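Asker: Got a structure here, written out as structure tokens. Questions coming.
The values are calculated or read from the model by the stated rules, or taken from the named source; none is laboratory data. Note that the structure is predicted; figures quoted are calculated from it, not measured. Cβ placement follows ideal geometry from the backbone for every residue including glycine, while neighbour counts extend to all protein chains displayed.
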Amino acid sequence: MDAERIIIISDASVMTARQKGRELGVSVGIAGSSLTLMATAISEIARNIVQYAGQGEIEFRSVVRGGKRGLMIIARDSGPGIADISQAMQDGFSTSRGMGLGLPGARRLMDDFEIVSEPGKGTTVSMTKWEF
């Protein structure tokens with residue numbers, strides 16, 4: 001599978017990314033509740049793009065490691081960035097009126113999770129869900 005990208009600019013594109021993630025997840029062997037967990041993580045990260053950066057993209061790539069297939073999701077934006085990633089990864093921390101569960105929740109829902117951010121330059125979240 002070639003990488004596929006969804007431009008994130010609105011709630012509608014959040015739903016499009018969530019649906020594309022489910023579709024591509026099935027194609028690499030992710031099933032059942034793992035699909036739901038992955039779709040929820042995609043929604044959380046995509047909503048953060050809309051709320052904090054205004055726009056960005058989510059890229060989907062099939063990956064293989066140790067004979068297992070998975071789906072890697074890479075979310076990128078050129079927004080304000082995150083000044084303190086460790087603080088942002090704590091449950092309950094929010095710079096808006098949200099519950100502060102988006103980033104730490106997505107980390108718990110996925111098998112692999114990495115975030116890189118630089119204030120004034122944007123944020124990239126890479127996360128992977130593996131088949132069972």
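Asker: Kindly establish whether ARG22 is within 18 Å of ALA3 (Cα to Cα) and loosely packed, with under 13 Cβ neighbours inside 10 Å.
Answerer: Here the answer is no, as ARG22 does not meet what is asked.
Asker: Check the stretch 104-115 and report whether any residue there is of a type outside the set (Ser, Thr, Tyr), at pLDDT 95 or above, in contact with a Leu (Cβ under 9 Å, 6 or more places away or on another chain) and part of a loop (DSSP other than H, G, I, E, B).
Answerer: yes
Asker: Do you know which of the residues in the stretch 89-103 that are closer than 16 Å to SER126 by Cβ and either within 11 Å of the chain's Cα centre (by Cα) or of a type in the set (Ser, Thr, Tyr) (or both) is modelled with the highest pLDDT?
Answerer: Taking the candidates together, the pick is LEU103.
Asker: Additional query: Answer with yes or no whether SER34 is surrounded by fewer than 17 Cβ atoms within 10 Å (Cβ to Cβ) and over 13 Å from the mean Cα position of the chain (by Cα).
Answerer: no
Asker: Can you run down the residue pairs with Cβ atoms below 8 Å, 6 or more apart or on separate chains, where the first is in the stretch 100-128 and on the phi > 0 side of the Ramachandran plot and the partner is charged (D, E, K, R) and surrounded by fewer than 18 Cβ atoms within 10 Å (Cβ to Cβ)?
Answerer: GLY100/ASP91
Asker: Ok, one more. Select from the stretch 51-79 the residues that are within 15 Å of THR123 (Cα to Cα) and surrounded by fewer than 17 Cβ atoms within 10 Å (Cβ to Cβ) and write down the one among them that is nearest to the chain's Cα centre (by Cα).
Answerer: GLU59
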